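Notes to accompany the following structure.
The values are calculated or read from the model by the stated rules, or taken from the named source; none is laboratory data. Everything numeric in this text was worked out from a predicted model, so none of it was measured. So basically every Cβ, Gly included, is an ideal-geometry build from the backbone, and we count neighbours across all protein chains shown.
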Ligand SMILES: Nc1ncnc2c1ncn2[C@@H]1O[C@H](COP(=O)(O)OP(=O)(O)OP(=O)(O)O)[C@@H](O)[C@H]1O
Ligand SMILES: [Mg+2]
């Protein structure tokens, strides 16, 4: 069974007297363990699609099913629980809390789940090669290191799916490639499903499948 199933999804944003059709009848089925890239020009709907998958927004029409749960049939509370329990997020701008150390940033999603498990935090730090930097604050880390902290934070709860909206966009191409390699290694080792958007052809080439969006529609799907 697919871990994510998107059927005939449409997203229309009202804009004053007009509307913007960000997604226009998207069908997509994603299997467990896929390392899936979403490509497409600016404005094609990549972030909109990731936001729907992340339970950050709801479609205008169509269904989104994650791990057997139809998001539209869940209460707001149940959707928030699904987010916390099953999803991990990596952002373009890292989104770390500046006053917290790397360790404390990574620990945050566990705390939100009411768990106290420093062992898990150390394992996550080790997985991204930053054990020595546990006590550094974000400003005391390079861009690539900050994004590695963000990856560890996304993985610390052992999510089923990690969603990443242009995770390499704020990094130079070499660091960006290393970040994608690290995500792929973790995906292979743990079977975690990754869904990420990108503009970078080198990043796309690392995906097990690439889906490309044009004007809110899936244009093509390439399996590597
Ligand atoms: N909150 C919003 N309100 C109105 N229109 C929006 C909103 N968010 C996105 N849009 C519009 O929806 C379309 C898709 O936007 P989206 O952000 O999903 O594109 P994208 O593929 O992520 O682009 P980029 O590569 O620039 O990040 C665009 O036309 C955009 O202007
Ligand atoms: Mg975007």
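Among the residues here, residue 149 qualifies as in contact (Cβ under 8 Å) with a residue 24 or more places away in the chain and assigned to a helix (DSSP H, G or I).
Within the span defined as the range 63-75, every residue fails to be in contact (Cβ under 8 Å) with a residue 24 or more places away in the chain, under 28 Å from residue 200 (Cα atoms), part of a loop (DSSP other than H, G, I, E, B) and within 16 Å of ligand 1 (Cβ to nearest atom). Selection of the range 32-46 for residues being in contact with a strand residue (DSSP E or B) (Cβ under 9 Å, 6 or more places away or on another chain) and farther than 9 Å from residue 209 by Cβ yields 32, 33, 38, 39, 40, 41, 43, 44, 45, 46.
Considering (1) within 16 Å of ligand 2 (Cβ to nearest atom); (2) in contact (Cβ under 8 Å) with a residue 60 or more places away in the chain, the lone condition that residue 168 does not fulfil carries the number (2). Checking 14, 59, 41 one by one, the residue that is within 15 Å of ligand 2 (Cβ to nearest atom) and either touching a helix residue (DSSP H, G or I) at 6+ places or on another chain (Cβ under 9 Å) or modelled with pLDDT under 95 (or both) is 41 and no other.
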